[in-house]
Amino acid sequence: MHSQVEIVRLEDSTNGTLGALRVRGLVLCCTLEPPSLDNRQFVSSIPAGEYHCQRTHSQRFGNTFEVRNVPGRSRILFHPGNTVEDTSGCVLLGRHFGSLQGRRAVLRSRDACRDFLHQFQGCESFWLHIHPVTECRA
């Protein structure tokens, strides 16, 4: 089982919640979730905290991982997509941040998902720690 898997949240706005997925302190890829909307099913980002992730098969996305034990939520998957319109409360993965049609986005998502699955090859589950957005003050 992998240790020290985390999403470090960088930005939370009406355009979505952007972060970096790190494994053992090293950034693997970027993340995009919907904005924080009180953990409402299908429309909100995952609240900060610790969650168990289990390998699963999705008819739409194939082999992936599901974030479990999120109160009041189910079937939160890691999968490809670019903007918040591509997710129903799941975590989108990308190689870098960008913009599509004037919206915040993660780009090269299929490549990032392939890298993510390769990183967790042979792993059936892991613990994920999600950090809240923090403000840096100079």
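The values are calculated or read from the model by the stated rules, or taken from the named source; none is laboratory data. These numbers were taken from a predicted model, which means no experiment stands behind them. Cβ: placed from backbone, ideal geometry, glycine included. Neighbour counts: every protein chain shown.
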- Task: Being within 17 Å of Ala112 (Cβ to Cβ) and β-branched (Val, Ile, Thr) is the filter; apply it to segment 46-75 and report the residue that is nearest to the chain's Cα centre (by Cα).
- Result: Val67
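Going by the conditions given, is Phe97 modelled with pLDDT of 95 or more, more than 19 Å from Val43 (Cβ to Cβ) and either of a type in the set (Phe, Trp, Tyr) or exposed (fewer than 14 other Cβ atoms within 10 Å of the Cβ) (or both)?
On the way: modelled with pLDDT of 95 or more: yes; more than 19 Å from Val43 (Cβ to Cβ): yes; either of a type in the set (Phe, Trp, Tyr) or exposed (fewer than 14 other Cβ atoms within 10 Å of the Cβ) (or both): yes.
The answer is yes for Phe97.
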- Task: Please give the strands (runs of 3 or more DSSP E) falling wholly within segment 93-137 in which 3 or more residues are without any contact (Cβ under 8 Å) to a residue 40 or more places away in the chain.
- Result: 96-100
- Message: Exactly one condition in (1) assigned to a strand (DSSP E or B); (2) without any contact (Cβ under 8 Å) to a residue 40 or more places away in the chain is false for Leu37; which is it?
- Response: (1)
- Message: Pull out all pairs, ordered by first then second residue, where Cβ-Cβ is under 7 Å, the residues are six or more apart or on different chains, the first lies in segment 75-90 and is at pLDDT 95 or above and part of a loop (DSSP other than H, G, I, E, B), and the second is β-branched (Val, Ile, Thr) and buried (at least 21 other Cβ atoms within 10 Å of the Cβ).
- Response: Gly81/Thr87; Asn82/Val106; Gly89/Ile76; Cys90/Ile76
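When segment 42-74 is examined, which residues are found to be part of a loop (DSSP other than H, G, I, E, B) and touching a residue at least 60 places away in the same chain (Cβ under 8 Å)? Show your work before the answer.
If we filter segment 42-74 for residues that are part of a loop (DSSP other than H, G, I, E, B), which is where we start, we get 42-48, 59-61, 69-74.
Correct list: Ile46, Pro47, Ala48.
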- Note on the structure: Note: among Thr56, Thr64, just one is under 17 Å from His79 (Cα atoms) and in contact with a helix residue (DSSP H, G or I) (Cβ under 8 Å, 6 or more places away or on another chain), namely Thr64
